[in-house]
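Student: Here it is, the structure, as structure tokens.
The values are calculated or read from the model by the stated rules, or taken from the named source; none is laboratory data. Given the structure is predicted, the values throughout are model-derived calculations rather than measurements. Here Cβ is always computed from backbone atoms with ideal geometry, including for glycine, and neighbour counts include all displayed protein chains. Keep in mind that these areas ignore ligands, DNA and RNA; they rest on the heavy atoms of the full protein, side chains included. Shrake-Rupley method; radii C 1.70, N 1.55, O 1.52, S 1.80 Å.
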Amino acid sequence: MAEAIVSFVLKQLGSILSEQASGFIKKQVTLVGDVEEEVDKLTRHLRAIQAVLFDAEQKQMKEEAVRVWLHRLKDACYDVEDVLDEWNTAILKLRIEGGHDHNALAPKKKVCCFFPSPCLGFKEVVLRRDIAVKITDINKKLDVIAKEKSDYNLNVIMATERSDNQQMQTTSFIDVSDIIGRDNLKNDLVSKLLCEGSEQNLHIISLVGMGGIGKTALAQFAYNNNEVMKTIDKRIWVCVSDPFDEFRVAKAIIESLEGHTPNVAELESLLQCICDSIKNKKFLLILDDVWTENYKKWEPFYHCLKNGSHRSKILITTRKESVARMMNSNDIINVGELSYDENWLLFRKLALSERSPHEYENLEEIGKKIVCKCKGLPLATKTIGSLLRLKKSKDQWEHVLGSELWKLENVEKGLLTPLMLSYNDLPPMVKQCFIYCSIFPKDYEHKSKDRLIDFWMAQGYLGLEKNDENEEIIGKEYCDYLLTRSLLQENKSWSLSYKMHDSLQENKSWSLSYKMHDIVHDFAQFLGNNECLSVEVHGVEDPLTNSSHDKVRHLMLTLNGVGASFPESTYRLKWLRSLLFTCHTFDTESLTSDVLARLFTELTCLRLLKLKAKFNFEEIPKEIGKLIHLRYLQLHDQRRDHKIKLPESLCELYNLHTFELWKCLVETLPQGIENLVNLRRLDFPTFFRTLLYMPKGVEKLTGLRRLSEFVIPGGGDHDNKACSFEGLENLNRLEGRLKVRGLGNLTDVSDGKLTNVFKNKEKLDRLDLEFYKSEEEERLGEDDELILKTLQLPPNLENLWISRYRGNTVPSTNWMTLTKLKVLRLERCSNCKHLHHLGNLPFLEMLRLIEMSSVKKVDDDFWGIESETSSTSSLCVHFPKLTEFNFWNTREWEEWDCKVEEFMPCLASLIIVRCPKLKALPDRLLQRTTLKQLVFIESPILTERYNKETGEDWPKISHVPSIGIDG
């Protein structure tokens, strides 16, 4: 990891040195003494150290002194980063104040210049003097570190000598979810789970074996076994780990049983909830990775779980047989090493399955020798196999086989070497990303890659070589890189999801999550010297008082239990770069304004701050402006309907690239928001419609990629402060989803100013247009129609939602150019009587029409047939891709006319809700063999007509597999 930090700092210093070539810089440098010499000296020290770092990172596994030296080097480099970032921020501030940096879209260098232009005057001279003093102090530390490197006999290994470890490689993933071998063990385990068990006691089965042996994989096999699932009512999976936290385990069990956690504070209450949920039910409970040997922690659960059916089962995985015996296991299954043949099959699947016959023959003998070194451990084989899958030549395989690292046995028997070989193969920046993952507790599941990538980005781990590259894309490459080497693992599980507005449509699909094996987590913690830390606080304890925490850089802090409060010792962690704070207490005083103000004042090195708690204040403290290094800010208010005011000092966070408000209701954004020139994402709640307007200056944030909502105000004082709708035209980097609210408040819509607002937003794929009007009086429908006709919609739009539109017709002719439009939703368009040409949308897959109160008839216009139907138009296919069609609350709809020959050939789902006047459905529509779901709710005429018992037209729909009529 030190190699990555040194490389990053050298890039920053290189930018500084290049700036000093200008005549002005040479002329002014005398004003600050020997700054040029100090910067040059610092660079020389780091380059000399960089040459031996690859060797040092390998030797640290055997030599504690080298490891300590590396961590001292890393701390010094962090200091350099902080100083340079402070300097660049100060320069950026001067430029903004001078009006020189309001276009974030303009090409910029990765690092602002060390010596700014003459126009900045005396202030920048003072700043240069301050930075020179700080660099001199750091140089003194590095001077000592550089001299010490000769004490450790470190060899210079240049990048060209390091096999191919610096080249990013891509590869398709191999699915190794199936357990290779262990057939007898799998059959034995399933047999024990299917047996009836004892009526007196819980039937507890324990899988016992060393780390990395495959206990969790076997438990997952049993958990997902079809025969086992058929015999039980409830399945529960809990990652226990060390320490055994009774509250967390109890809450996790209830979460699995009920889908939510009760708002109770006592363990006894949680256990009672479990008792009630499992009463007389047959359940399977998996307790994965149990360590505690303290029976008092287990005893309350043991007695509580007896409340279920006597045929219930508990399956435990543990590394210690003493734990299995303490938990009163009826059966203890020892999980041993894989046989050589089974291990070879696993390795061959990973490392050799995609080779040509010649390559396979050339590498087979070396591979078998490497398998012997893996000692039957599946995790070791999986890790080394994933690494060698990327190695093409025989020399590279022999290099791995001959590594001195095979002699190391420090972390867990047989596992350290494969992990270290895989880690050494990573490019420097990916090493940082890997170690950062250990900030999360063991068994933590990432529901998506995106949040993890956001965190890496905030730390500068995704530095760009090209200005036009996207950091998110690089982050996904890094994530895939870790997955292909089995340093992260991908978990698949079945999940039930429900489509919007329709709980009747239950969809079972694969859900992906990402996590780190607990031994890999230990390995990452070891490499990072525990600079990443996850801590839970219970009651009034303060767990951060240990001096070993002084150098923690990244902290995940969770409050649990009654009376837990923000630990006082947190404030002394001055060098903290990440703080992820979550409060699960029931005390609303846990995060007050005073706590925040002090946090902002003390922890000024933060790059990432995530706060999730019940906010007991009305305004974010102005001290937030002191967090000048901050890149990522997420505020998550757990109180319902609580309004928060944002201070103007927030706009002094010039480096901020992500600002997210979760459940924090805001009425206004700061007026100085234009100063956040690096802002890429601005997310806030839109459901409650609390935001009154977008402040002027938003149009200058041309680097924005994500914006939750753009609000057009409804007159009054806000107009003077608000950004105009046309200002949205400048934000052409927006991507994903955008909601525009208040289109009904536009007053001047006739001069074509709106034409290009969306035209060049090529990365927007969803657009919500709400014609909401702030004032009471109705606006003219013709104005709404003109707006919709004038707007040129984003060319790659896939999802369009229009609501509160007051036009008499939907002018859909300009939608015909939207060749990627898949979802169209029209809602509460109260005046709309005609639905023109929707049937001609070539790729539309889902159509939802909701509260269309003026629609009385669906006719030729809807299908896209011209008034004088030609033979050509009658032969074309209408709605050629449509699979789902919903009509909701269309209470005046009486007739559905269908004269076309070819229509909706792919229709699978038709749902009609609260359409009381609709008389019948087109017969040819109901005859569709593709139709799998048909639902009528509160539509009495249809209910009577198609009722199974008495309906005259029941035979027309009886072939449909899923029919729902009024429930």
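Student: Look at segment 766-784 and say how many of its residues are modelled with pLDDT of 85 or more and of a type outside the set (A, V, I, L, M).
Tutor: Step one: list which residues in segment 766-784 are modelled with pLDDT of 85 or more, which gives 766-771, 784.
From the residues that got through so far, the ones that are of a type outside the set (A, V, I, L, M) too are 766, 768, 770-771, 784.
Number of matching residues: 5.
Student: Between Thr558, Thr604, which is modelled with pLDDT under 90, open to solvent by 10 Å² or more (accessible area, probe 1.4 Å) and either assigned to a strand (DSSP E or B) or touching a helix residue (DSSP H, G or I) at 6+ places or on another chain (Cβ under 9 Å) (or both)? Step through it out loud before you land on a result.
Tutor: Numbers: Thr604 fails: modelled with pLDDT under 90.
Of Thr558, Thr604, the one residue that is modelled with pLDDT under 90, open to solvent by 10 Å² or more (accessible area, probe 1.4 Å) and either assigned to a strand (DSSP E or B) or touching a helix residue (DSSP H, G or I) at 6+ places or on another chain (Cβ under 9 Å) (or both) is Thr558.
Student: Okay, moving on. Please count how many residues of segment 301-347 are of a type in the set (A, V, I, L, M, F, W, C), assigned to a helix (DSSP H, G or I) and surrounded by fewer than 17 Cβ atoms within 10 Å (Cβ to Cβ). Break it down into steps so the answer makes sense when it comes.
Tutor: Initial filter on segment 301-347 (of a type in the set (A, V, I, L, M, F, W, C)): 301, 304-305, 314-316, 323-324, 326-327, 332-333, 335, 338, 344-347.
Checking which are assigned to a helix (DSSP H, G or I) leaves us with 301, 304-305, 323-324, 326, 344-347.
Add one more test, that the residue is surrounded by fewer than 17 Cβ atoms within 10 Å (Cβ to Cβ), and what stays is 345.
Within segment 301-347, residues that are of a type in the set (A, V, I, L, M, F, W, C), assigned to a helix (DSSP H, G or I) and surrounded by fewer than 17 Cβ atoms within 10 Å (Cβ to Cβ) number 1.
Student: Kindly establish whether Ile644 is in contact with a helix residue (DSSP H, G or I) (Cβ under 8 Å, 6 or more places away or on another chain), hydrophobic (A, V, I, L, M, F, W, C) and surrounded by 19 or more Cβ atoms within 10 Å (Cβ to Cβ).
Tutor: On the way: in contact with a helix residue (DSSP H, G or I) (Cβ under 8 Å, 6 or more places away or on another chain): no; hydrophobic (A, V, I, L, M, F, W, C): yes; surrounded by 19 or more Cβ atoms within 10 Å (Cβ to Cβ): yes.
The answer is no for Ile644.
Student: Is there a residue being within 18 Å of Phe244 (Cα to Cα), at pLDDT 85 or above and not aliphatic (A, V, I, L, M) anywhere in segment 335-347? Can you show your working first?
Tutor: First pass over segment 335-347, keeping only residues within 18 Å of Phe244 (Cα to Cα): none.
No, the conditions are met nowhere in segment 335-347.
Student: From the list Asp82, Asp75, Asp101, which residue is modelled with pLDDT of 85 or more, within 36 Å of the chain's Cα centre (by Cα) and either closer than 30 Å to Leu704 by Cα or among the β-branched types (Val, Ile, Thr) (or both)?
Tutor: Values: Asp75 fails: either closer than 30 Å to Leu704 by Cα or among the β-branched types (Val, Ile, Thr) (or both); Asp101 fails: modelled with pLDDT of 85 or more.
Result of the check over Asp82, Asp75, Asp101: Asp82.
Student: What are the residues in segment 664-710 that are among the charged types (D, E, K, R), outside any helix (DSSP H, G or I) and out of contact with any Leu (no Cβ under 8 Å at 6 or more places or on another chain), if any?
Tutor: Here is the first cut: in segment 664-710, the ones among the charged types (D, E, K, R) are 667, 674, 680-681, 683, 689, 696, 699-700, 705-706, 709.
Next, from what is left, pick out any that are outside any helix (DSSP H, G or I): 667, 680-681, 683, 689, 696, 705-706, 709.
Answer for segment 664-710, where residues must be among the charged types (D, E, K, R), outside any helix (DSSP H, G or I) and out of contact with any Leu (no Cβ under 8 Å at 6 or more places or on another chain): Arg689, Lys696.
Student: Could I ask something else about it? Anything in segment 225-242 that is over 21 Å from Lys297 (Cβ atoms) and either buried (at least 18 other Cβ atoms within 10 Å of the Cβ) or touching a residue at least 12 places away in the same chain (Cβ under 8 Å) (or both)? List them, or say none.
Tutor: First pass over segment 225-242, keeping only residues over 21 Å from Lys297 (Cβ atoms): 225-235.
Answer for segment 225-242, where residues must be over 21 Å from Lys297 (Cβ atoms) and either buried (at least 18 other Cβ atoms within 10 Å of the Cβ) or touching a residue at least 12 places away in the same chain (Cβ under 8 Å) (or both): Asn225, Glu227, Val228, Thr231, Ile232, Asp233, Lys234, Arg235.
Student: Further question on the same structure: Being assigned to a helix (DSSP H, G or I) and either touching a residue at least 40 places away in the same chain (Cβ under 8 Å) or open to solvent by 10 Å² or more (accessible area, probe 1.4 Å) (or both) is the filter here, so list the residues in segment 728-744 that pass it.
Tutor: Answer for segment 728-744, where residues must be assigned to a helix (DSSP H, G or I) and either touching a residue at least 40 places away in the same chain (Cβ under 8 Å) or open to solvent by 10 Å² or more (accessible area, probe 1.4 Å) (or both): Glu729, Asn730, Leu743, Gly744.
Student: Return yes when Leu630 is outside any loop (DSSP other than H, G, I, E, B) and buried (at least 22 other Cβ atoms within 10 Å of the Cβ) and no when it is not.
Tutor: Details: outside any loop (DSSP other than H, G, I, E, B): no; buried (at least 22 other Cβ atoms within 10 Å of the Cβ): yes.
Criteria not met by Leu630.
Student: In segment 902-925, which residues are touching a Leu at 6+ places or on another chain (Cβ under 8 Å), among the aliphatic types (A, V, I, L, M) and within 23 Å of Arg891 (Cα to Cα)?
Tutor: Within segment 902-925, Leu910, Ile911, Ile912, Leu918, Ala920, Leu921, Leu925 qualify.
Student: Could I ask something else about it? Taking into account only those residues within segment 243-273 that are touching a strand residue (DSSP E or B) at 6+ places or on another chain (Cβ under 8 Å) and surrounded by fewer than 18 Cβ atoms within 10 Å (Cβ to Cβ), which is farthest from Asn560 (Cα to Cα)? Give the steps one after another, and end with the answer.
Tutor: Going through segment 243-273, the residues touching a strand residue (DSSP E or B) at 6+ places or on another chain (Cβ under 8 Å) turn out to be 244-245, 247-249, 252-253, 256-257.
Now drop any that are not surrounded by fewer than 18 Cβ atoms within 10 Å (Cβ to Cβ), which leaves 247, 256.
Values: Phe247: 8, Ser256: 19 Å.
Among those that are touching a strand residue (DSSP E or B) at 6+ places or on another chain (Cβ under 8 Å) and surrounded by fewer than 18 Cβ atoms within 10 Å (Cβ to Cβ), it is Ser256.
Student: Of everything in segment 608-627 that's touching a Lys or Arg at 6+ places or on another chain (Cβ under 8 Å) and open to solvent by less than 10 Å² (accessible area, probe 1.4 Å), which residue is farthest from Ala90 (Cα to Cα)?
Tutor: Applying the filter and picking the extreme gives Phe615.
Student: Among residues belonging to segment 816-868 that are open to solvent by 30 Å² or more (accessible area, probe 1.4 Å) and of a type in the set (Gly, Ala, Ser), point out the one that is nearest to Trp801 (Cα to Cα).
Tutor: Selected residue: Ser830.
Student: Out of everything in segment 647-685 that is among the acidic types (Asp, Glu) and open to solvent by 10 Å² or more (accessible area, probe 1.4 Å), what residue ends up being nearest to Asp85 (Cα to Cα)? Can you show your working first?
Tutor: Initially, segment 647-685 is screened for residues among the acidic types (Asp, Glu), giving 648, 652, 660, 667, 674, 683.
Those still in the list that are open to solvent by 10 Å² or more (accessible area, probe 1.4 Å) too: 648, 652, 667, 674, 683.
Details: Glu648: 22, Glu652: 14, Glu667: 33, Glu674: 21, Asp683: 25 Å.
It comes out as Glu652.
Student: Restricting attention to segment 923-951, report how many residues are modelled with pLDDT under 90 and not polar (S, T, N, Q).
Tutor: Here the count works out to 8.
Student: Further question on the same structure: For segment 470-492, how many residues are of a type outside the set (A, V, I, L, M, F, W, C) and in a helix (DSSP H, G or I)?
Tutor: Our first condition is that a residue be of a type outside the set (A, V, I, L, M, F, W, C); within segment 470-492, this holds for 470-472, 475-478, 480-481, 484-486, 489-492.
Then drop every residue that is not in a helix (DSSP H, G or I), which leaves 471-472, 475-478, 480-481, 484.
The total comes to 9.
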